[in-house]
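The values are calculated or read from the model by the stated rules, or taken from the named source; none is laboratory data. Remember, predicted model here, so these are calculated numbers, not experimental data. Neighbour counts run over all protein chains shown; Cβ positions are idealised from the backbone, glycine included. Please note that ligands, DNA and RNA were not included when accessible areas were found on the heavy atoms of the full protein model with its side chains. Shrake-Rupley method; radii C 1.70, N 1.55, O 1.52, S 1.80 Å.
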Amino acid sequence: MTELVKEKIDQAVAILNELDIDVWLTFVRETSAVGDPILPLIYGHDLTWQSALLISKKGERIAIIGHFEAETARGVGAYNTILPYHESLRSVLLETLQQLEPKRLAINYSKNDVHADGLSHGLYLVLLDYLAGTPWAERLVSSEKVLSALRGRKTAGEIQRVRNAVQTTGEIYARTFSYAQPGMSEKQVADFMHAQVEELGLGLAWDRDHCPVVNTGPESPVGHVGPTNLRIARGHVLHIDFGVKQDEYCSDIQRLAYFLRPGERAAPAQVQHGFDTIVSAIQAAAAGLRPGVPGKDVDIIARQIATQAGYEEFKHATGHQLGRLAHDGAGILGPAWERYGDTPYYPVEAGQIYTLEPSLIVPGYGMVSLEEDVLVTDQGAEFLSPPQTELLLL
């Protein structure tokens, strides 16, 4: 991950210049207990004592850390100045700021973006104490725009890692749908997928208890919930939501199949209509997913297709960013609901990776949803794997 850390810090310098922020400070302690979400991207290890990672728009990369971690910091290879300390970080931090003389000093707090809110309140108070009586106490600003851009704009190395995870996920899905049979429980299907992940030596994109989510038939509970003992039957829709973590980057894909009843040669009309509606919503959202468009506008496209087809409005965003985490980045493709804060208003940017996952319920059959992973380019959205456009019949 060392090369990736270097890529991201180079990118951070460019972003600081773009936003006219002189210095960005990441201030942490005992990160194995309370970690800042940005630390894996700009350092790649835990830190124990109070530590300050400073990046300036002039290109300075400074790590002020406990002396026992100095060699690890040097091994990262991304910081050109390593300043170890013994008893207190205060004097070294103040001397460094005196040299840098920032007019705007960005720190990691945010009302809107959980990934930019890594500075705990207690540590913020410690920082204020250190800066008391200095001009920098009055120059603190939120780093949320820095972190939104840094997490969202994927480097070439990050994009390739997500592509690899998506490809692996597709292969696991293919084997899973060949395995699944009437009479099997949702838990059996999940166990089969877990076994494949373990055989490949990979991780899961989210909590194992509901990765994958497996839904068969109309009685299966939907949402972030674990597979049940309900069994697949002829006439059931089988819905799966699943992702892997490969080389520290995630996929997040949903797929759908229908188990034909005896004598059936196609899915019931209402199931096919629901499936076609979701496909149309995803394709239309992808067509509207372009740099500069607010995320809420993409959400409106998908949401209207579902409601105009006669379905109840889905109670979640059309999509979220994807990267080191299954839910990554700041901006979302979501409605202007209070729970999302300002994030639906953030403009889409080239280099971001989003999921597209509208959903609906078909009465008598249950969850009908698909999820595709797409890369935003200057020309528009690129699907990272072939999207599901035909209902799988088993």
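Filtered by the rule that a residue be part of a loop (DSSP other than H, G, I, E, B), open to solvent by 50 Å² or more (accessible area, probe 1.4 Å) and either touching a residue at least 12 places away in the same chain (Cβ under 8 Å) or under 25 Å from Q272 (Cα atoms) (or both), region 375-394 gives D378, P386, T389, E390, L394. Scanning region 239-260 for residues that are under 25 Å from Y43 (Cβ atoms) and among the basic types (K, R) returns a single hit, K245. Considered as a group, the residues in region 117-134 that are over 18 Å from G35 (Cα atoms) and touching a helix residue (DSSP H, G or I) at 6+ places or on another chain (Cβ under 9 Å) include one that is most open to solvent (accessible area, probe 1.4 Å), and that residue is D129.
Scanning region 135-146 for residues that are open to solvent by less than 70 Å² (accessible area, probe 1.4 Å), assigned to a helix (DSSP H, G or I) and closer than 25 Å to G341 by Cα returns E144, V146. Residues of region 244-280 that are touching a Pro at 6+ places or on another chain (Cβ under 7 Å) and more than 13 Å from Y365 (Cα to Cα): I278 alone. Kindly check whether there is at least one residue in region 344-355 that is in a helix (DSSP H, G or I), closer than 30 Å to R265 by Cβ, open to solvent by less than 20 Å² (accessible area, probe 1.4 Å) and modelled with pLDDT of 95 or more. No. Residues of region 356-374 that are assigned to a loop (DSSP other than H, G, I, E, B), open to solvent by less than 10 Å² (accessible area, probe 1.4 Å) and under 15 Å from V237 (Cβ atoms): L370 alone.
The residue that is modelled with the lowest pLDDT, counting only those in region 88-116 that are polar (S, T, N, Q) and either open to solvent by 20 Å² or more (accessible area, probe 1.4 Å) or over 28 Å from Y340 (Cβ atoms) (or both), is N112. Scanning region 15-56 for residues that are assigned to a helix (DSSP H, G or I) and either open to solvent by less than 10 Å² (accessible area, probe 1.4 Å) or more than 22 Å from E71 (Cβ to Cβ) (or both) yields I15, L16, N17, E18, L19, L39, L41, I42. Yes or no: region 265-277 includes at least one residue that is more than 27 Å from Q246 (Cβ to Cβ), at pLDDT 95 or above, assigned to a loop (DSSP other than H, G, I, E, B) and not hydrophobic (A, V, I, L, M, F, W, C). There is at least one residue in region 265-277 that is more than 27 Å from Q246 (Cβ to Cβ), at pLDDT 95 or above, assigned to a loop (DSSP other than H, G, I, E, B) and not hydrophobic (A, V, I, L, M, F, W, C).
The residue of region 57-84 that is nearest to the chain's Cα centre (by Cα), among those that are part of a loop (DSSP other than H, G, I, E, B) and crowded, with 17+ Cβ neighbours inside 10 Å, is A78. Restricting region 231-282 to residues that are small (G, A, S), out of contact with any Ser or Thr (no Cβ under 6 Å at 6 or more places or on another chain) and buried (at least 20 other Cβ atoms within 10 Å of the Cβ) leaves a set whose member that is nearest to Q304 (Cα to Cα) is A281. Among the conditions (1) more than 30 Å from R163 (Cβ to Cβ); (2) in contact with a strand residue (DSSP E or B) (Cβ under 9 Å, 6 or more places away or on another chain), the only one that F275 does not satisfy is (1).
A single entry from Y179, Y173 fulfils the requirement of being over 16 Å from the mean Cα position of the chain (by Cα), open to solvent by less than 60 Å² (accessible area, probe 1.4 Å) and among the aromatic types (F, W, Y): Y173.
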